[in-house]
Amino acid sequence: LLYATGLIREAILVAIFLVPVLYLIYLYETQVYRDEPALVLGFILGGGAVLGLVLSLIERALYNPYANFGNPLHGGAVSVGALLFLGLLVPLVQEAVKPLPALFLPNRRDFPETVDGLVLGIAAGLGFSVAESLVAFSSVITSLAVHTFSGNWIYDLATIAVLQPLLQGSAAGMIVAAIWRYRRGRFSSR
């Protein structure tokens, strides 16, 4: 609706927060963690957001697509350095950093199951996704006119509303679930 009316700035903000808010509502409504305070999920989601903000700002400082490099695939030539940075180094660092809030959860013993690791990892990834999208679209959010022609924004909106949180949340969730399962197996065999 916001897209159709040309309120792109508002559509971007709604798209950034859509999946994380729906995820929190789902966890609240299903009472998955009714014995635990919302502080646990807030810690995980907020920790993911802080890490996403820091990492995105570092990435932007190291690689500004509007400065010297430009698009690594622009023109007929390929900038191998920019392509390796964006296609290999950034994703590896992101995947190593995203699960940290769930892994450093102070009362992790209260969440012993593999599915707990999955749920908490997804929360960390969604927080990361929110911060990364806010940094990526900060200049657009602050400089876009109130009413904008909406013709070429559908891909960006679909990406930040569905694809980005799905990718970031599921990747972090799988990593944390695998670590939870490994730790559980290691400690139960003793």
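Between LEU167 and ARG60, the modelled label-to-label distance comes to 1.8 nm, taking each label 7 Å out from Cα in the direction of the beta carbon. Work through the residues other than ILE160 whose Cβ is under 14 Å from its Cβ and net out their charges, Lys, Arg +1 and Asp, Glu -1. That sum, taken over residues with Cβ under 14 Å, equals -2. Spacing of the modelled spin labels on THR142 and ILE179, each 7 Å from Cα toward Cβ, amounts to 3.3 nm. Summing charges over all other residues whose Cβ lies under 14 Å from the Cβ of SER170, with Lys and Arg as +1 and Asp and Glu as -1, gives 0. A crude spin-label estimate for the pair LEU39 and LEU22, with each label 7 Å from Cα along the Cβ direction, gives 3.1 nm.
All of the numbers you see were taken from the coordinates with simple rules; none came from a lab. All values derive from a computational prediction rather than experimental measurement. Here Cβ is always computed from backbone atoms with ideal geometry, including for glycine, and neighbour counts include all displayed protein chains.
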